[in-house]
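*Asks:* What follows is a single structure, and I will ask about it in a moment.
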Amino acid sequence: MDDDDADYMQGSDDEDYGFDYSDDGDGDEGESADVENMYYAAKSKKEDDPEQALKEFKAIVDKEEEKGDWGFKALKQSTKLLFLVLKRPHEALQTYRQLLTYTKSAVTRNYSEKSINGILDYVGGGKGGPIEVDILEKFYQATKDALVEAKNERLSAKTNLKLAKLWLDRKEYTRLTKLLRDLTNATAANESDDQSQKGTQLLEIYALEIQMYNETRNFKKLKEIYNAATSVRSAIPHPRIMGVIKECGGKMWMGERQWNKASEDFFESFRNYDEAGSQQRIQVLKYLVLANMLTGSEVNPFDSQETKPYKNDSQIKAMTDLVDAYQRREVHTAEKILRENRSTIMDDAFIRLYIGELLRSLRTQYLIDLIKPYTRLELSFLAQQLNVDKDEVEELLIGLILDGKVEGRIDQVTMRLELDKQQSLEKRRYAALERWAEALEAVHSAVVAKNPSGAKGDPGLEMSMVDPYRGAWP
């Protein structure tokens, strides 16, 4: 039994065939047995003589006086042969259209849906080699027309979502935009009382739309759709859908340099992908580690219960080592890890966008620790220690001085950093005195507030306000 027959048997599990038994069915049974034999005889020739198999499948369809399950299966095999083996997609489209006419009454609804999904999967999946977009669109259009006629709204929506995913993969953004608009309008117009189903379908649409805007770098629309997606409440989405939405959300926050929000969304994305069993969880875990390092957090992202099992994964090990180097501020070790693990880290275009930012942060911390014991340093020495050129060192130092993290100045003539330790000490001293004065002022205000009348006529208070050198205060 091949996959087609297995689908047929599985598709009939929860269907009521409504068989009517009669005493005079011997002739029908004999005819059915003949058609069944013809089907399996044709099927046995698929690999050795596909053209002959195709003729025999056609004979089965012609032999059936009424549309039945063997004719449906023969058309299904014919479509598969024409598309995948004989590479004749136009003829495959004809047999597929004929097959769709059988879905009304000849076979069970479950079996027909599984068959349609299977055919659309291999048509759009590239298994038959490159296919013209027009032919692909005709396959889906034929499917949608048949489903509308059969009033199968659920499968019609699923088919449209499948086509939208196909346009996204092929980067057919014009077609995708139109289809997503139609899907959104159809979902909004749906008067079904099942709000959770409506919300779930809406999230599936948003997941496709948010991916499109992420790929086209339209961050304004991406944020708009992201906010709309996170505001949906009545929905029971597949974890993979939420994984997609949160992954794109994390990338959006990274673009805005909001590392903490990015880290939160990447963690949620990883958790959802992990629940769905998607391999994308490994890639998102790398993004989570990157965002976590950019926050400057001392917390190891692999300490959580969800991420710990992946700590020693072959694709994650390099990121684990990078986290350790970052937390120890070992800039040279981090650079070595990046060089030696290009395939698992640097080959990812998204990670590559932020590695410069990560190294800059690491070099900045390393530089602060390096200059602490000194009062003056040559920029050439610092450049040698960081393994970068003098211009980059100068740029890092200027940023630290402007941010107030380093007290000093750069002598442009001698190319030397001169640190002002004394000035720094005095600034801290004056700051402490200022805080002390503010505290005394607060105490004085509290005392005065307790004596709103000014305590006039109180001898005790008057005595306390006598200056021993100048007498009583005026």
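*Asks:* Can you say whether Arg329 is in a loop (DSSP other than H, G, I, E, B) and modelled with pLDDT under 90, as far as the supplied structure shows? So that I can check it myself, show each step before the final result.
*Replies:* Details: in a loop (DSSP other than H, G, I, E, B): yes; modelled with pLDDT under 90: yes.
Yes.
*Asks:* Restricting attention to the stretch 234-250, does a residue exist that is open to solvent by 40 Å² or more (accessible area, probe 1.4 Å), out of contact with any Ser or Thr (no Cβ under 9 Å at 6 or more places or on another chain) and farther than 19 Å from Ser361 by Cβ?
*Replies:* no
*Asks:* Looking at (1) part of a helix (DSSP H, G or I); (2) among the aliphatic types (A, V, I, L, M); (3) surrounded by 16 or more Cβ atoms within 10 Å (Cβ to Cβ), which one does Ile368 not meet, given that it meets all the others?
*Replies:* Unmet for Ile368, out of (1) part of a helix (DSSP H, G or I); (2) among the aliphatic types (A, V, I, L, M); (3) surrounded by 16 or more Cβ atoms within 10 Å (Cβ to Cβ): (3).
*Asks:* Out of the residues in the stretch 45-75 meeting the condition of being open to solvent by 40 Å² or more (accessible area, probe 1.4 Å) and outside any helix (DSSP H, G or I), tell me which one is nearest to Thr101 (Cα to Cα).
*Replies:* Checking each candidate, the answer is Lys67.
*Asks:* Further, regarding this structure: Those residues that are without any contact (Cβ under 8 Å) to a residue 12 or more places away in the chain and in a helix (DSSP H, G or I), I need them from the stretch 341-352; list them, please. Step through it out loud before you land on a result.
*Replies:* Filtering the stretch 341-352 down to residues without any contact (Cβ under 8 Å) to a residue 12 or more places away in the chain leaves 342-343, 346-347, 349, 352.
Matches in the stretch 341-352: Arg342, Ser343, Met346, Ala349, Arg352.
*Asks:* Still on this structure, I have one more. Would you mind finding the one in Ala186, Ala92 that is among the small types (Gly, Ala, Ser) and buried (at least 18 other Cβ atoms within 10 Å of the Cβ)?
*Replies:* Values: Ala186 fails: buried (at least 18 other Cβ atoms within 10 Å of the Cβ).
Going through Ala186, Ala92 in turn, just one is among the small types (Gly, Ala, Ser) and buried (at least 18 other Cβ atoms within 10 Å of the Cβ): Ala92.
*Asks:* Now for a different question. Taking helices (runs of 4 or more DSSP H) that do not extend beyond the stretch 388-474, which have at least 1 residues that are on the phi < 0 side of the Ramachandran plot and at pLDDT 55 or above? Talk me through it step by step, then tell me what you get.
*Replies:* Details: elements: 390-402, 421-450, 459-464.
Correct list: 390-402, 421-450.
*Asks:* I'm trying to understand the selection: among the residues of the stretch 338-360, which are closer than 15 Å to Asn387 by Cα and either under 26 Å from the mean Cα position of the chain (by Cα) or modelled with pLDDT under 85 (or both)? Before the answer, list the steps.
*Replies:* Here is the first cut: in the stretch 338-360, the residues closer than 15 Å to Asn387 by Cα are 338-339, 356, 359-360.
Residues satisfying the conditions are Leu338, Gly356, Leu359.
*Asks:* Quick check, is Ser78 assigned to a helix (DSSP H, G or I) and either farther than 28 Å from Thr184 by Cα or open to solvent by less than 10 Å² (accessible area, probe 1.4 Å) (or both)?
*Replies:* Values: assigned to a helix (DSSP H, G or I): yes; either farther than 28 Å from Thr184 by Cα or open to solvent by less than 10 Å² (accessible area, probe 1.4 Å) (or both): yes.
Here the answer is yes, as Ser78 does meet what is asked.
*Asks:* Let me ask something else. Look at Leu379 and say whether it is surrounded by 10 or more Cβ atoms within 10 Å (Cβ to Cβ) and within 28 Å of Val323 (Cβ to Cβ). Can you show your working first?
*Replies:* Values: surrounded by 10 or more Cβ atoms within 10 Å (Cβ to Cβ): yes; within 28 Å of Val323 (Cβ to Cβ): no.
No.
*Asks:* Regarding Ser231, is this residue small (Gly, Ala, Ser) and over 19 Å from Lys286 (Cα atoms)? Even if it seems obvious, please write down each step before you answer.
*Replies:* Details: small (Gly, Ala, Ser): yes; over 19 Å from Lys286 (Cα atoms): yes.
Judged against the criteria, Ser231 is a match.
*Asks:* Something else now. Give just the number: which of (1) over 21 Å from Glu153 (Cα atoms); (2) part of a helix (DSSP H, G or I) does Arg97 not satisfy?
*Replies:* Just one mismatch for Arg97, condition (1).
*Asks:* Does Tyr326 satisfy being closer than 26 Å to Gln385 by Cβ and in contact with a helix residue (DSSP H, G or I) (Cβ under 9 Å, 6 or more places away or on another chain)? Before you say what the answer is, go through the steps one by one.
*Replies:* Numbers: closer than 26 Å to Gln385 by Cβ: yes; in contact with a helix residue (DSSP H, G or I) (Cβ under 9 Å, 6 or more places away or on another chain): yes.
Spelling it out, Tyr326 is indeed closer than 26 Å to Gln385 by Cβ and in contact with a helix residue (DSSP H, G or I) (Cβ under 9 Å, 6 or more places away or on another chain).
*Asks:* Give me a count of the residues in the stretch 150-172 that are in contact (Cβ under 8 Å) with a residue 40 or more places away in the chain and exposed (fewer than 15 other Cβ atoms within 10 Å of the Cβ).
*Replies:* 1
*Asks:* Next question. Among Glu264, Glu275, Glu298, Glu256, which is the only one that is farther than 23 Å from Leu359 by Cα and not aliphatic (A, V, I, L, M)? Break it down stepwise before answering.
*Replies:* Values: Glu264 fails: farther than 23 Å from Leu359 by Cα; Glu298 fails: farther than 23 Å from Leu359 by Cα; Glu256 fails: farther than 23 Å from Leu359 by Cα.
From the options Glu264, Glu275, Glu298, Glu256, the qualifying one is Glu275.
The values are calculated or read from the model by the stated rules, or taken from the named source; none is laboratory data. Remember, it's a predicted structure, so these values are computed and weren't measured experimentally. Methodologically, a virtual Cβ is constructed for each residue, glycine included, from the backbone with ideal geometry; neighbour enumeration extends over all protein chains shown. Only protein heavy atoms, including side chains, enter the accessible area calculation; ligands, DNA and RNA are left aside. Shrake-Rupley method; radii C 1.70, N 1.55, O 1.52, S 1.80 Å.
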